[in-house]
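What follows is a short report on a single structure.
Rule-based calculations on the coordinates, nothing more; no lab input. A quick note: this is a predicted structure, and the numbers were derived from the prediction, not measured. Heads up, the Cβs are rebuilt from the backbone with ideal geometry, glycines too, and the neighbour counts pull from every protein chain shown.
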Amino acid sequence: MQKEIIYKGKTITKLFPSGFYEFYSEEEKRFLKFDNLINAKKQIDKEMKKEGVSRAKKLTLNELRSLVKKIIKEENEKQENHGEIKNILHAYLEAALWTEEDEIGHANIHTDIDKKSILDAERDIENFVSKIKGLGIYPDMDSDQIGHDLWLTRNGHGAGFWDRKLGEVGEKLSEISREMGGKYVYRGDDGKIHIE
């Protein structure tokens, strides 16, 4: 009588009456026997680890070059996107302070805005940029203008994407901005500017 156990896709057979465990080793091209199940599993783990390393070693030089180029390109795109988001964020916050200056007084963009408000604004901008890139309607304008227009449009001010002579793209950007809803800017009891 034999009992079969499947471990990581390999079949380990318990042999009776000896009680030994065996499996076919692809590495050694023969059946290996073990006095307990734990040792059989350890051997399978060891072989699978070696197999993974040997697969990695089988990359050709051209495949490796291609992989490295792809990784570098992805990292560069992430850095460019991060820089773009930061530029849009700065202009967005500038527009928020400028449009609400009568209510909040003069404020410094670098020191007076509540950290949570900045993080929320950054998340909103990341979502906006992701959405418009996904729709293939990224406007042909600098990131500062995108930041200003996003703030102005979402809050219903008298200028914005719709006012840039961008045609259908401007209308779609305006629609997406308005769907985000308006934000309220105020100076809190803590002296910081809050954007909610």
DSSP-loop chymotrypsin sites (Phe, Trp or Tyr not before Pro) across segment 131-189, with at most 15 other Cβ within 10 angstrom: Tyr184
Amide N proximity, segment 150-177 versus Ile104 label position 7 Å along Cα-to-Cβ, cut-off under 16 Å: 150-157
Highest-fluctuation residue, Thr11, Thr99, Thr111 considered, GNM on the chain with Cα pairs under 10 Å: Thr11
Residue among Leu150, Leu119, Leu37 with the largest mean-square fluctuation in a Gaussian network model of the chain, springs linking Cα atoms under 10 Å: Leu37
Cα→Cβ-extended label distance, 7 Å offset, between Leu37 and Gln2, nm: 1.7
Helix-only CD estimate at 222 nm, as mean residue ellipticity for the chain, using -39500 (n - 2.57) per DSSP H run (n ≥ 4): -18500 deg cm²/dmol
Förster radius 41 Å - calculated FRET efficiency between Glu63 and His90, Cβ distance, rounded to 0.05: 0.50
FRET efficiency estimate (nearest 0.05) - Cβ-Cβ, Ser130 to Lys165, R0 35 angstrom: 0.90
Pairwise FRET efficiency - Glu77 versus Asp45, Cβ, R0 = 35 Å, nearest 0.05: 0.40
Loop-resident sites, segment 1-44, for GluC sites (Glu not before Pro), counting at most 12 other Cβ within 10 Å (DSSP): Glu26, Glu28
Cut-off 14 Å between beta-carbons: net charge of the residues surrounding Lys69, Lys and Arg +1, Asp and Glu -1: -1
Exceeding the 19 Å Cα-Cα cut-off - candidates Lys73/Lys172; Lys116/Lys183; Lys86/Lys172; Lys69/Lys131; Lys10/Lys49: Lys73/Lys172; Lys86/Lys172; Lys69/Lys131
Neighbour cut-off at most 15 other Cβ (10 Å), DSSP loop, trypsin sites (Lys or Arg not before Pro), segment 16-123: Lys29, Lys58
Net charge of Cβ neighbours under 13 Å - reference Ile5; Lys, Arg +1; Asp, Glu -1: +3
